[in-house]
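So the structure is just underneath, and the comments pick up after that.
Every number here is computed from the coordinates shown, using simple stated rules; none is lab data. In this text the structure is predicted, and so the values were computed from the model without any measurement. Please note: Cβ atoms are built from the backbone with ideal geometry, for glycine as well, and neighbour counts cover all protein chains shown.
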Ligand SMILES: C[S@@+](CC[C@H](N)C(=O)[O-])C[C@H]1O[C@@H](n2cnc3c(N)ncnc32)[C@H](O)[C@@H]1O
């Protein structure tokens, strides 16, 4: 990578002139987990001390392809600080070459043909200046202009006070939250990064008997198995359509032989008492799936049944928008100890991830 193509490092003294300025977008609420995931990339990562909610800024001196494997990121951008007073200056040869170099770097991370369209998101994106900018970039990169979205996504915004403008280039032709194995979608299907966060919070181990209640299209089941083996992995759902969808997605993920799909009712599981190590569930919120009235009966029965099949010390991670109902029920169930509650922003709805541990009480309610 020629040095002149390198974005300006966040911290001029470190980690060196070839550091990229990167912005990782995550569902707000998952920042701490996402920072841990980034730290696991080692010394190539230098995290900013603070970032706005849902964003993690960093300087990165490693192979950009490694960032594409991040599982908690919704999307990732290469950030170029442009010391220009107005966007018009970006049309100048030197700046345009710099932006093109960043775009070319991103295109080179993927197979030829992965990008067909270019989309520029900016305040005033329809202005004459930005119209010229995107047309020029699209022509030089051999792409067509997307009307409302694109494969190569650029964002232009004002930089920090007095720092001109910032041009961001998305590192992948799709948001990373769009998992490649998703061949079947269900209304209410869980966001991939949130599912990954729930898997991490369940502290997966190879010896686990893992049960995903109300598995729907199998998002949690697939994220669990992609993160490592389990002794037994079961997804159950009362909807035959959901199970068919789960089967298709598991097949696309290459995991068909590693998971069982069962038409079980989560309130009456045909499993022996105290035999499951980990339970996860993205419960019906009562909006798109189910109703609040149904949840008033479903939730207590489901929590009691989960407590029955869970071994003492078992981990249980549940996502729900029925926050008050969950809090009230858990306060009256000594079988479940609440170890953590995380607010997560799903873009409008802000459900909670409840991290529970099965106590030693023999009472399942
Ligand atoms: C919010 S959806 C889960 C979506 C799933 N996480 C996904 O990514 O596709 C809740 C699921 O719970 C299932 N469900 C509702 N009541 C159930 C019950 N008593 N036992 C098992 N599954 C149930 C629904 O059929 C639905 O598929």
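Couple of notes before you dig in:
- Tensor-based shape of region 192-358 (alpha-carbon gyration tensor, a/c under 1.5 rounded, otherwise prolate or oblate): rounded
- Protection proxy ranking of 300-310, 137-147 - average other beta-carbon atoms within 10 Å, highest first: 300-310, 137-147
- The distance between label points at residue 346 and residue 132 comes to 4.6 nm (points 7 Å beyond Cα on the Cα→Cβ vector).
- Extending 7 Å from the Cα toward the beta-carbon at both residue 239 and residue 185 defines two label points whose distance is 1.4 nm.
- Exposure proxy shown here: for 333, 326, 163, the number of other Cβ atoms within 10 Å sets the order, fewest to most, as 163, 333, 326.
- FRET E, pair residue 91, residue 174, Förster distance 45 Å, beta-carbon r, rounded to 0.05: 0.95
- At full extension, residue 48 and residue 104 could sit 17.6 nm farther apart than now, given 0.36 nm per residue minus the alpha carbon distance.
- Relative contact order of the chain, taken over Cα pairs closer than 8 Å and 6 or more residues apart, is 12 percent.
- Helix-only [θ]222 nm of the chain, DSSP H runs n ≥ 4, -39500 (n - 2.57) each, per residue, nearest 500: -8500 deg cm²/dmol
- The listed peptides 87-95, 205-213, ordered by packing as a protection proxy, come out as 205-213, 87-95 (highest mean of other Cβ atoms within 10 Å first).
- Relative contact order for region 224-365, counting Cα pairs under 8 Å that sit 6 or more residues apart, in percent: 20 percent
- Each of 222, 76, 56 has some number of other Cβ atoms within 10 Å of its Cβ, and from fewest to most they run 76, 56, 222.
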